[in-house]
Structures are given as C-alpha cells and as structure tokens.
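Asker: Sharing a structure here in structure tokens format.
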Amino acid sequence: MKVIFKLTLLLFVLTTCIQCKQNKSSFKEKSSDTSQIQYAKGFSIENYDGYSIITVKNPWPKANKTYRYILKEKNGIVPDSLQQNQIIAVPIKSIVVTSTTHIPSLEMLDEVKSLVAFPNLDYISSEKVRARIDAKKIREIGTNQSLNTEVLIDLQPNVIIGYGIDNNNPTLDNLQKSGLKVMLNGDWNEETPLGKAEWIKFFGALYGKQKEANDIFSKITTDYFNTIEIAKKALTKPTVLAGDMYEDKWYLPKGTSWGSQLLKEANANYLWAETRGTGSLSLSFETVLEKGQNATVWITSGQFSSLKAMADSNPHYQQFSAFQQKNVYTFTRKKGEKGGVLYYELAPNRPDIVLKDIVKIMHPELLPNYELYFFEKLK
C-alpha cells in the first residue's frame, strides 16, 4: 500500500508540474485585451494578465522586419514562448528618448521627470524639459547615429527609445549587446496626422498609463474632427502654395503627405494635392511659378523672419501673388530657448492644434477668436 501511495503521489506531482509548465507556456492564451489602435499603422498593443506585448511593424519606410517587446508587470509571468523577445519591467522609472517628437508624450503623461538623457539637448523646446536640463538632471549623449555608450551604460536607464532610418543602426545594436533595453519607435513614419499622434499610447504602456494615454488621444481626435466640421462651413477654398527654394530646387510636400492631408481637412486647395507620396517634391523654380504664381496663401518652410528676409534670400519670390498680398505664413518662428523649432517637436503629436491654425489661416471668419499657435504671418 505504501508503494502504491508513493507512486500515486509521484504521479500527482509530475502531472501538476506538467500542467503548471503548460499553463505557463500558454499563459498568453488566457485573458487578452488588445488596445484599440485606430489610426497608427506602425504598432499594436496586446494586454494580458501580468504583461503586454508591443509590436512595432513599420519603424522605417519599407521595413521588412517586425519588432516585438514584452512589457512585464511586477509579479507577472511571461510565457516561455515569448522569452526570446526583449523584456522590459514596467512601469518604467527612467527613460532615454532620441527624437524631439517623443518629448510631448512624456510631458502629456506627466513623466518628464523620468527622462535622464537625450542626444543634442539644444533641439528640445519644451520649457519643462529645458528646466530639468538647466538643473543638470538630463545628460547630453551625442547624436542619434553615434550615441555616447559610456554615459548610457553609466545611467542604466530602464529603456532607450530609438528610431531607425533604415535597417542599419550599429549604435543601438551595441547598446543592446551591452545589456541595455532598446525599443524602436516609428512615429515619424506614420502617414496620417492622427496616426502620428496615436503613438502616445506606446509611451502610455511603458508607464502603466494606458488609460491616461487613451483619454489624451481621445480628446485630440475629438478636437480634430470638430475642427473639420467647422472647416466644412467655409464658402471659399483658397489655393495654397507651400515650401521654398533650397539651393537650386524648390521643395514642397507631396499630395498624400502629412501636411497635405491637413490642408485638405482644412478645406483648402493645395496645388500639388494630386501628386502621390508622403515625402517632398523637388521642382524647378519655373515649374512652381507657373502653377503657384496666383496662389492665395503661401506656407513657407524656410526660417525667414520677414518678407524682406525672403526677398533678400531670393528676389524672385516677389513674383508670387501671395507674397505681394502679404499672405505668407511660417511655422519656424516659435522656438525654444536654444533655437529648437517647437513645430518639429510638438506638431506631430498635436494635429488638432495644427489643423485649427490652418483653418484660421484659410478661413479666419470661422474662428474669429482663435489665436495662431504654431504659425505666424510674415510682415
């Protein structure tokens, strides 16, 4: 009887252990809640008991590799089938980001205090972050393609958020080999205004603030669509010229680019809206003059301080009607303490503000009490 009892007990223990192992391996199958990503094409979030999975699908144009990151909560159990992925303990307490477009998400989530380093600090415009830079609480780490590995190893941040232009970033690879946690962020590669802004949910997951991130994004989308409805009331549709000369070429956004979509939503007629692509067109001055000479509004990308500065840069600009009518706008005048352009940092995260600015420019009568935030009319 004793032998039978021992064999039965052993069988029970073995069976229980096998079941435990099976449960651990299939833990992923238990309660899943996929975070609703509505507009962004480059990432997804899946929530499980004790951990989440962030999948980054398109960190650069035509990327053919998918990156999976496991965000492990305290006491969470990650299944064996996911152990080969980068595992990051959340909520994180310290972070290094490498693009100014990452900064607004930290600020909106009230996590600026977690930022410990950034490449080329002068680019940052955020007043809250600049205050921490002045207090020596944020370290300088070089440039995105050549990060200061020694400083980062010394800091030991919970995670480094990088970005790629292509599949070649040896600095990030070396940081991972040094034992640091690295995640790729592809917000810049999104093709729609709301798609870019939705990456706040990526950061929300890192800080255990998915609800807060969802609420922030929900408000942005609500304001964005409310402004579209206001723009639909316009009785006119101004023609728009964009960009300016750089060396011997005129650069302006293609017809399906982020900026072009905002012009369309603002009920404006962008003259190159029929072109395809999300990058820039490179045209001769003569080609632009022929099509855009009589445009109603000109949005320049040059860092000009006045119409005179524009004319001094290129006297031929004076041939355009928008210049003659003093209807030229720029988004590069609002800068941070060290010269970083606020638009480049904040605009991708706040398309609701950009759209409202453009509607104010195109149809001022529809927003009589609104003051431009990013844009300024050149005098």
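Asker: Do the sum for the chain: with -39,500 (n - 2.57) for every DSSP H run of n ≥ 4, divided by all residues, what is the mean residue ellipticity at 222 nm, to the nearest 500 deg cm²/dmol? Mind dumping the intermediate values first?
Answerer: On the way: 14 runs with 131 residues, N = 379.
The helix contribution divided over the chain gives -10000 deg cm²/dmol.
Asker: Something else now. Counting only protein heavy atoms and using a 1.4 Å probe, what share of the accessible area of the chain belongs to carbon plus sulfur, as a whole percent? Each step should come with its number before you reach the end.
Answerer: On the way: 9840 of 19230 Å².
Of all accessible area on the chain, carbon and sulfur atoms account for 51 percent.
Asker: If you don't mind, there's one more thing I want to ask. Taking a probe of 1.4 Å, how large is the accessible area per residue of region 249-316, in Å²?
Answerer: 48 Å²
Asker: Now a separate question. Given a 1.4 Å probe and the protein chains all in place, what does the accessible area of LYS128 round to, in Å² to the nearest 10?
Answerer: 120 Å²
Asker: Between ASN174 and LYS128, with labels modelled 7 Å along Cα→Cβ, what's the label distance in nm to one decimal, could you check?
Answerer: 3.3 nm
Asker: Additional query: Helix hunt in the chain: which complete DSSP H runs extend at least 15 Å axially by C-alpha with mean Kyte-Doolittle at least 1.0?
Answerer: Numbers: long enough: 2-25 (34 Å, 0.75); 210-231 (31 Å, -0.42); 351-362 (16 Å, 0.93).
Membrane-span-like by this rule: not one helix.
Asker: Sticking with this structure for a sec: At what distance in angstrom do the alpha carbon centres of region 94-159 and region 221-235 lie from each other?
Answerer: Comparing the Cα centres of region 94-159 and region 221-235, I get a distance of 35 Å.
Asker: Let me cross-check ASP154: its accessible surface, 1.4 Å probe, with only protein heavy atoms counted, in Å² to the nearest 10?
Answerer: 110 Å²
Asker: For log10 I(q)/I(0) by the Debye sum over Cα atoms at q = 0.10, 0.12 Å⁻¹, pick the label among (i) -0.73, -0.98; (ii) -0.64, -0.93; (iii) -0.90, -1.06 that corresponds to the value derived from the coordinates.
Answerer: (i)
Asker: So, one more: Between region 67-86 and region 314-379, what is the C-alpha centre distance in whole Å?
Answerer: 45 Å
Asker: Here's something else I'd like to know. Provide the gained length on full extension for the span TYR39 to LYS291, in nm with one decimal, where the gain is 0.36 nm per separating residue minus the Cα-Cα distance.
Answerer: Numbers: separation 252, 0.36 × 252 = 90.72 nm, distance 3.31 nm.
Additional length available on full extension: 87.4 nm.
Asker: Expressed in nm to one decimal, what extension gain is obtained for the pair GLU46 and GLN86 from 0.36 nm per residue of sequence separation less their Cα-Cα distance? Mind showing how you got there, number by number?
Answerer: Details: separation 40, 0.36 × 40 = 14.40 nm, distance 1.52 nm.
Between GLU46 and GLN86, full extension yields an extra 12.9 nm.
Asker: Okay, moving on. Would you please state which residues of region 182-221 a label at LYS74 would reach in this model, taking the label point 7 Å out along Cα→Cβ and a backbone N cut-off of under 20 Å?
Answerer: Hits in region 182-221 for LYS74 at 20 Å: 204-212.
Asker: Note down the magnitude of the dipole of region 168-286 about its Cα centre, charges +1 on Lys and Arg C-beta and -1 on Asp and Glu C-beta and zero elsewhere, to the nearest 20 debye.
Answerer: Numbers: 14 positive and 15 negative charges, 83 e Å.
Computed about the Cα centre, the dipole is about 400 debye.
Asker: Could you estimate the translational diffusion coefficient of region 61-127 from the Stokes-Einstein equation, with Rh from the Kirkwood formula over C-alpha pairs, at 10 °C and 1.306 mPa s, in whole µm²/s? List each step's numbers first, then the result.
Answerer: Working: Rh = 14.4 Å.
Roughly 110 µm²/s, to the nearest whole number.
Asker: Here's another thing I want to ask about it. Give me the distance in nm between label points sitting 7 Å out from Cα along the Cα-to-Cβ direction at ASP223 and LYS237, one decimal.
Answerer: Placing both labels 7 Å along Cα→Cβ, they lie 2.8 nm apart.
Asker: Expressed as a whole number of Å, what is the distance separating the alpha-carbon centroids of region 175-219 and region 257-305?
Answerer: 30 Å
Asker: Would you mind telling me which residue in TYR329, TYR270, TYR48 has the biggest mean-square fluctuation in a Gaussian network model of the chain, where springs connect alpha carbons within a distance under 10 angstrom?
Answerer: Ranking TYR329, TYR270, TYR48 by mean-square fluctuation puts TYR48 first.
Asker: Among the listed pairs LYS65/LYS177; LYS128/LYS209; LYS113/LYS335; LYS232/LYS377; LYS128/LYS264, give every one whose C-alpha distance is greater than 25 Å.
Answerer: Details: LYS65/LYS177 19 Å; LYS128/LYS209 20 Å; LYS113/LYS335 22 Å; LYS232/LYS377 23 Å; LYS128/LYS264 33 Å.
Correct reply: LYS128/LYS264.
Asker: Please give the net charge around VAL97, taking every other residue with its beta carbon less than 12 angstrom from that of VAL97, where Lys and Arg add +1 and Asp and Glu add -1.
Answerer: Numbers: positive: none; negative: GLU107, GLU111, ASP187, GLU345.
Computed value for this residue: -4.
Asker: Let me ask something else. So if each residue of separation counts as 0.36 nm, and I subtract the Cα-Cα distance between LYS308 and LYS326, what length gain in nm does that give? Walk me through the numbers before you get to the answer.
Answerer: Details: separation 18, 0.36 × 18 = 6.48 nm, distance 1.09 nm.
Result: 5.4 nm gained on full extension.
The values are calculated or read from the model by the stated rules, or taken from the named source; none is laboratory data. Only a predicted model underlies this, so the values are computations on that prediction, with no experimental measurement involved. Positions of Cβ are backbone-derived with ideal geometry, glycine not excepted, and every protein chain shown enters the neighbour counts. Protein only, heavy atoms only, side chains kept; ligands, DNA and RNA dropped before computing areas. Shrake-Rupley method; radii C 1.70, N 1.55, O 1.52, S 1.80 Å.
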